[in-house]
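Colleague: Before we start, here is the structure in question, set down as structure tokens.
The values are calculated or read from the model by the stated rules, or taken from the named source; none is laboratory data. Given the structure is predicted, the values throughout are model-derived calculations rather than measurements. Cβ atoms come from the backbone with ideal geometry, glycine included; neighbour counts cover every protein chain shown. When the accessible area is computed, the model is the full protein with side chains, heavy atoms only, and any ligands, DNA or RNA have been set aside. Shrake-Rupley method; radii C 1.70, N 1.55, O 1.52, S 1.80 Å.
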Amino acid sequence: MASNSSGGGGEGGSSDRQRIAQQRLRIIAGHLQRPADDGLIVLAAECKGQNNKTEASSEGRTVPRRRQEIMKWNGWGYSDSKFLFNKKGQAEFTGKRYRLSGMIMPALKDWFEGTFGASLQHKTPATPVLTSSAVQPPTLNEAFVEELKSTGISFSHNAEDRVFRAHGHCLHEIFALREGKFGRVPDMVVWPNCHNDVVKIVELACKHNVCLMPYGGGTSVSSALECPPEETRSIVSLDTSQMNRILWIDEKNLTAHVEAGIVGQDLERLLNESGYCTGHEPDSMEFSSLGGWVATRASGMKKNIYGNIEDLVVHIKMVTPRGVIEKSCQGPRMSTGPDIHHFIMGSEGTLGVVTEVTMKIRPVPEYQKYGSVVFPNFEQGVACLREVAKQRCAPASIRLMDNEQFKFGHALKPQVSSIFTSFLEGLKKLYITKFKGFDPNRLCVATLLFEGDREKVLQHEKQVYDIAAKFGGLAAGEDNGQRGYMLTFVIAYLRDLGMDYYVIGESFETSVPWDRVLDICRNVKARIVRECKDKGVQFPPLSTCRVTQTYDAGACVYFYFAFNYRGLSDPVHAYEQVEHAAREEILANGGSLSHHHGVGKLRKEWMRETVSNVGMGMLKSVKEYVDPQNIFGNRNLL
Amino acid sequence: MASKAVYTHRDPMLKKRDDFEDILEERRSSSDLRYALKCYTPVLYKGLTPCNASLLKGMVLQSDQLHYVISQMSKGTGRATDDIQEEAMAILDEMAHSLQLSTIRFFAFTLSKVFKTLFRSICVNEEGIQRLQQAIHEHPVVLLPSHRSYMDFLLMSYLLYTYDLALPVIAAGMDFMGMKFVGEMLRMSGAFFIRRSFGGDKLYWAVFSEYVKTMLKIGFAPVEFFLEGTRSRTSKSLTPKLGLLNIVMDPFLKGEVFDVNLVPISISYERILEESLYARELLGVPKPKESTSGLFKARKVLSEDYGSIHVYFGQPVSVRSLAQGKVNRCQFSLVPRHIPKRPSEEIHSFVNDSAYKLVRAQEENMVLKPWVLLVSLLLQNHHQNQGSADAGQRKGVALDELTAQALWLRDLSREYGAFLHWPDHTPPSEVVSSSLSLHQGLVRICEGRVHLAVEQAAAGVGQPQGTVTPEEELLSQAVVILSCVSYRNQALHVFLRPALLASAIHTASSNNKQEVFNSFSFLRNMFSNEFILCPGATVQDFEEACYLLMKTGALQVTQQEVLVTESGHRTVAFLTNMLDPFLQGYQVVCRFLCEEATDSLTEKLFIPAVRKFIIKLLLEGRLRYAEVLSSDLQKNVLAALLRLGAVQKVKGAAPGTLKINTVMVNSLEDTLGGKLPTQKTVSARL
Ligand SMILES: Cc1cc2nc3c(=O)[nH]c(=O)nc-3n(C[C@H](O)[C@H](O)[C@H](O)COP(=O)(O)OP(=O)(O)OC[C@H]3O[C@@H](n4cnc5c(N)ncnc54)[C@H](O)[C@@H]3O)c2cc1C
């Protein structure tokens, strides 16, 4: 992940980690010595005034109002970071932000050409600049605009601003942008600075019947941010990015009260400065926001220690057309009827705007250690993860990649690097493939991340490796593990590279009971291959999966698929059909509609069968009550 | 690769079929021993879990499903689980195959010898073999051959060995186990044995279904069984049995495998080894126990010419594509998959529909020989002559007349999509005479006229003339008739739909299309235990029948009316005559139930009683068709009446006591006879 974050997996080896952790401990100690009366650290109170607009960026916040200043408008992530094939035909990752930045990956070209039948000769470059004239002129609700002006809340109807907020990161969305095609985009963007701003905006929207669409980090992968083409009202994108402050930290109860627009990397960095973390690390944490997590029921990589978002929130404040919804206290658990948080979590921007959240925090762990285990085959790997879950000893993170991903990981090895000790690695590979008789076309690898105090980590590590050994697993070193985690932050960049050369792809996820894991992996992968063939895809697709989370009763499984679309007249359509079929297959195999990406509009057609007619009715009646005018009209979910 | 449509209603003429190769040709020119010892390296399933017969047993005994059933039983009965586990093991030992290549090699050698003496050729579509090989590689495979002879499954294994394909494991009936030595031999050649009935025995069912599923899931070997459940004694396809099909589809439905390929295989015998054996059985001569000596005593069998066998390996049918849009597999998400559950209504009808489609696919690729057409004509002629029972009339058909009719029928059947092997480059007269000579036990040519060999049959009973009772004479003639009927039946599926339409036109009171349809629908419903008629396909079948009759110019179909054309009368008459024995038979059985049946009639007594009744009618000359004596037909009528609710099994009384709704049976009889219009309620609207 980005090197300007200290919460993620990007930092050096374990000794490095240790040093940082100790430094943090000193900071924590510092806090404790402070004569503060009740352990409450007030970081901000009043709403940021209009005079200090630049405050956010000056405080080192990541996301400026004009996102296009640092991020791509038609691809993933920072403008300065991207994969490309250089003149020598070698893959290279540009920029300075990531561990992989500035490095060359000599094996990637062969892997890429071999896997997809792609060729560096056949390019499909993106439209270089956004032509504002291609964007529909905004439909403005004059009365709304007038009144909004009087509140002093900043807004824009600049084409670039609007286009930027018209999409998430689904393949079809990015593909269209690369082609310079824009469908319905928001007519206007507003940047509230605090809860009260949001209250005002929502009031005005109700008054003037304007459609509001909350926008957090824009990392949605469920078409949640797509404007409904049938919407005739003025659509206003409510960008929460400027509501990005930690309002207070309560060290006695280990909670922090945070504005919902803060993005993951900022939240972790700022908390780290006080010696704390939330431990919530979705792969998109560089850009996704707290409000977005709540609105989609997000899941972080280290949920085994810290929990998923629903375990992390203590209190939520949401502004709805009916008014503000929140609980009256911060009790850790309540028996007060159905938990109203659960109407908010997963509401995907259909009920209101989450403005402030009280979250659990933890002291930054003393020690972190990566690890990896190689298994002779995927079946053994899954059996091991199941056993780990059964014994409830899962490390902070444990992920199992299948053989294709194992190979992919190897293709991404950089040429020179201290941590990528290729010679030793080569030896290790030899050991695995030759001496132990592992079949290089079947073996698979699990990556591990342990956290906690040093002794416990080492103990824990031993326990997990002992279980792994029972399933034929061999410890394969820290580096392999660390590389695995690092890749999750650059994989989204890789898709852009593929798209430069006729390769399109996507990932999607599900959760499934343990006894179904192997079946669902096999069947969905096979279904993808079959569907691609049926849809006229010329080369066998890449169809791979990994198990990314373990639970008592099941696991979260991620699928990746990508194919070379040369020869297809409508690649996006073909792609969507394949994804659709894959989802059908998931459901037929006892998988859920989504473990954490949410429903959005992409998976809406399956909602009814997922939650039953009555369930659907319940959700609808809530929507009806909370938002009878359908002000929050992004039409997700229902 | 697996085709989406198992059976299509497009113009059947356009069906493309593969060519055949004779595998005996090579056997006749090279060493059988070398062949039996050849290097055998079949293509295996790509997801194969290596395993042997005893490991396999272990897997079954360790399975979650069995554990579950055993612990449930133990809780229910108080029996120790170990005890039940042992019982399970015993069941498995009784059941399991012990497939050994050496046994297959032994059979490869001996069967080569036997086949060469019995048959002129064994023809196989090699493209089908290639498809099968690919199918075996891709997914677990289930082989579904038609079942007309004991020979079938040895023949199948022989063929797969010949083509270097994975040897199947075969579900066989327990009755084979009676033949000790043969039973063990068959076991070693891949047969596993299932009890014929195990009604409520949950343990048996669990062991059995888990055994089959495990073999399928790990790709142990192709699993082979007979959809029809037993050998068809009539050469008509039998209503498919669903038990095993349910089992082999289960792993797909529950997501344990990506797909399962079902391969319908059509085995057509030019002459069936069991020909007269079957006829006798249907007439009530008790079935000889399948004993070793019985099988080998057939020395006479070995000295005869049984013509050729055609084996057609059909398009593999993917269970996945069958289920597409028909089954919502999510229904299996809410209960652990190892807990046995009755299939839901949806699954049941899916399996049932699939079973019918598969049997239709078998029928479609059955090779018909010219003899089948000849015997159809001869039977019709026989019965017509019988009708005008003037003693002075000359019997049979003139040979050249028969040839001319056969050519007409050849063309018609081709239009209807029959898979007819008529040697087009041989003069028709030669085709006819060589066909007749292969079946000299059933036909006679006398003074240039051809007729069925019924007199000889009677004479052949062996006793001095005077001592043969009329009944004995009738029965021995019936043996010949039923043998002939079994050949005619091979062609039934080709003509069935048009024949139902022709009969419907005949019985309907007007030419009104809706009325004809009602009548068609009634007949179709009535006969759905008799013939393979896919459930719910009435309109489709009606349209297909109209299409075929229109195509051949026999019918004009307008919005309102269905009219037989001038030139169509011949076709329509032929078709009606073909179905007439069944129409009459059904009426006669109904009449029996109304007139003769007593309150104490049980299922068991039904066949002998109805047979007695029919013999009486035949002897009195009130019924022409001796084939109505077939217990198969009689059972089918009873099944139909039970299904329609015209007869009910009474609970509480002696087992199988039948309660007859005389009014309803009577009206069914009248409707069949065209005396009553079909009730609108019985049929869907067009
Ligand atoms: C590369 C990549 C990796 C990812 N990895 C993960 C992962 O590991 N775990 C995971 O859970 N997800 C992951 N996601 C999905 C995505 O990051 C999550 O759904 C995330 O929670 C969305 O947050 P966001 O701030 O970007 O929301 P957006 O994309 O801006 O919005 C998502 C939805 O939430 C609504 N919304 C946003 N903010 C608010 C608010 N304040 N109040 C009310 N509604 C709001 C929006 O209207 C929209 O419907 C990943 C996505 C990408 C592209």
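Conditions (1) among the charged types (D, E, K, R); (2) closer than 26 Å to A:Pro395 by Cβ; (3) within 14 Å of the ligand (Cβ to nearest atom); (4) in a loop (DSSP other than H, G, I, E, B), marked per residue:
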position	(1), (2), (3), (4)
A:Ile491	no, yes, yes, no
A:Asn523	no, no, no, no
A:Phe539	no, no, no, yes
A:Cys545	no, yes, no, no
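Colleague: Something else: Answer with yes or no whether A:Thr232 is in a loop (DSSP other than H, G, I, E, B), in contact with a Phe, Trp or Tyr (Cβ under 6 Å, 6 or more places away or on another chain) and either of a type outside the set (A, V, I, L, M) or within 12 Å of the ligand (Cβ to nearest atom) (or both).
Modeller: Taking the combined requirement at face value, the residue does not satisfy it.
Colleague: Kindly indicate whether B:Asp82 is open to solvent by 60 Å² or more (accessible area, probe 1.4 Å) and assigned by TED's automatic domain parsing to the domain that holds B:Lys254.
Modeller: Yes.
Colleague: Also, quick follow-up: Suppose the filter is within 23 Å of B:Asp259 (Cα to Cα), within 14 Å of chain B (Cβ to nearest Cβ) and in contact with a Ser or Thr (Cβ under 6 Å, 6 or more places away or on another chain); does A:Val524 pass it? Don't jump to the end; show me each part of the working.
Modeller: Values: within 23 Å of B:Asp259 (Cα to Cα): yes; within 14 Å of chain B (Cβ to nearest Cβ): yes; in contact with a Ser or Thr (Cβ under 6 Å, 6 or more places away or on another chain): no.
Against the criterion (within 23 Å of B:Asp259 (Cα to Cα), within 14 Å of chain B (Cβ to nearest Cβ) and in contact with a Ser or Thr (Cβ under 6 Å, 6 or more places away or on another chain)), A:Val524 does not qualify.
Colleague: What are the residues in region B:305-334 that are of a type outside the set (D, E, K, R), open to solvent by 50 Å² or more (accessible area, probe 1.4 Å) and over 28 Å from B:Phe153 (Cβ atoms), if any? First the steps, then the outcome.
Modeller: Residues of region B:305-334 of a type outside the set (D, E, K, R): B:306-319, B:321-325, B:327-328, B:330-334.
Restricting the remaining residues to those that are open to solvent by 50 Å² or more (accessible area, probe 1.4 Å) gives B:315, B:324-325, B:328, B:331, B:334.
Residues satisfying the conditions are B:Gln324, B:Gly325, B:Asn328, B:Gln331, B:Leu334.
Colleague: Is there a residue being more than 17 Å from B:His493 (Cα to Cα), among the polar types (S, T, N, Q) and within 14 Å of chain A (Cβ to nearest Cβ) anywhere in region B:228-239?
Modeller: Within region B:228-239 (the criterion being more than 17 Å from B:His493 (Cα to Cα), among the polar types (S, T, N, Q) and within 14 Å of chain A (Cβ to nearest Cβ)), the answer is no, since none of the residues qualifies.
Colleague: Of the residues A:Ser511, A:Ser507, which single one is within 14 Å of another protein chain (Cβ to nearest Cβ) and either open to solvent by 40 Å² or more (accessible area, probe 1.4 Å) or part of a strand (DSSP E or B) (or both)?
Modeller: None of the others qualify; the one that does is A:Ser511.
Colleague: Among the residues of region B:517-535, is there at least one that is at pLDDT 95 or above, open to solvent by less than 20 Å² (accessible area, probe 1.4 Å) and either in the same structural domain as B:Val443 (by TED's automatic domain parsing) or β-branched (Val, Ile, Thr) (or both)?
Modeller: yes
One line per residue, one yes/no per condition, for (1) in a helix (DSSP H, G or I); (2) modelled with pLDDT under 95:
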| site | (1), (2) |
| --- | --- |
| B:Gln362 | yes, no |
| B:Val372 | yes, no |
| B:Ser376 | yes, no |
| B:Gln384 | yes, yes |
| B:Asp390 | no, yes |
| B:Leu409 | yes, no |
| B:Ser437 | yes, yes |
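Colleague: Quick one: how many residues across region B:323-349 are away from chain A (no Cβ under 14 Å), part of a helix (DSSP H, G or I) and closer than 20 Å to B:Lys213 by Cβ?
Modeller: Within region B:323-349, residues that are away from chain A (no Cβ under 14 Å), part of a helix (DSSP H, G or I) and closer than 20 Å to B:Lys213 by Cβ number 1.
Colleague: Could you check A:Asp283 against (1) within 14 Å of the ligand (Cβ to nearest atom); (2) in contact with a Gly (Cβ under 7 Å, 6 or more places away or on another chain); (3) part of a loop (DSSP other than H, G, I, E, B) and say which number it fails?
Modeller: (2)
Colleague: Could I ask something else about it? From A:Arg603, A:Arg530, grab the single residue that is of a type outside the set (Ser, Thr, Tyr) and either surrounded by fewer than 17 Cβ atoms within 10 Å (Cβ to Cβ) or under 19 Å from the mean Cα position of the chain (by Cα) (or both).
Modeller: Exactly one residue qualifies, and that residue is A:Arg603.
Colleague: Would region A:135-144 turn up any residue that is within 24 Å of A:Val63 (Cα to Cα), without any contact (Cβ under 8 Å) to a residue 24 or more places away in the chain and more than 16 Å from the ligand (Cβ to nearest atom)?
Modeller: Within region A:135-144, not a single residue is within 24 Å of A:Val63 (Cα to Cα), without any contact (Cβ under 8 Å) to a residue 24 or more places away in the chain and more than 16 Å from the ligand (Cβ to nearest atom).
Colleague: Another question about this same structure. Taking the conditions exactly as written (within 15 Å of the ligand (Cβ to nearest atom), in contact with a strand residue (DSSP E or B) (Cβ under 9 Å, 6 or more places away or on another chain) and not in a loop (DSSP other than H, G, I, E, B)), does A:Ser237 satisfy them or not?
Modeller: Numbers: within 15 Å of the ligand (Cβ to nearest atom): yes; in contact with a strand residue (DSSP E or B) (Cβ under 9 Å, 6 or more places away or on another chain): yes; not in a loop (DSSP other than H, G, I, E, B): yes.
Here the answer is yes, as A:Ser237 does meet what is asked.
Colleague: Between residues in region B:442-458 that are under 10 Å from B:Val397 (Cβ atoms) and residues that are at pLDDT below 85, which pairs lie under 6 Å by C-beta distance while being six or more apart or on different chains?
Modeller: If the second residue must be at pLDDT below 85, the pairs left are B:His451/B:Lys395.
Colleague: Which one of these does A:Arg495 not meet: (1) more than 14 Å from every other protein chain (Cβ to nearest Cβ); (2) outside any helix (DSSP H, G or I); (3) surrounded by 20 or more Cβ atoms within 10 Å (Cβ to Cβ)?
Modeller: The single condition A:Arg495 does not satisfy is (2).
Colleague: Another question, if that's okay. Those residues that are within 11 Å of chain B (Cβ to nearest Cβ), assigned to a loop (DSSP other than H, G, I, E, B) and small (Gly, Ala, Ser), I need them from region A:576-616; list them, please.
Modeller: Within region A:576-616, A:Gly590, A:Gly591, A:Ser592 meet the criteria.
Colleague: Exactly one of (1) under 17 Å from B:Glu256 (Cα atoms); (2) at pLDDT below 95; (3) within 14 Å of chain A (Cβ to nearest Cβ) is unmet by B:Arg320. Its number?
Modeller: (2)
Colleague: Tell me whether region B:384-391 contains one or more residues that are surrounded by 13 or more Cβ atoms within 10 Å (Cβ to Cβ), in contact with a helix residue (DSSP H, G or I) (Cβ under 7 Å, 6 or more places away or on another chain) and away from chain A (no Cβ under 14 Å).
Modeller: So far as region B:384-391 goes, no, none of its residues is surrounded by 13 or more Cβ atoms within 10 Å (Cβ to Cβ), in contact with a helix residue (DSSP H, G or I) (Cβ under 7 Å, 6 or more places away or on another chain) and away from chain A (no Cβ under 14 Å).
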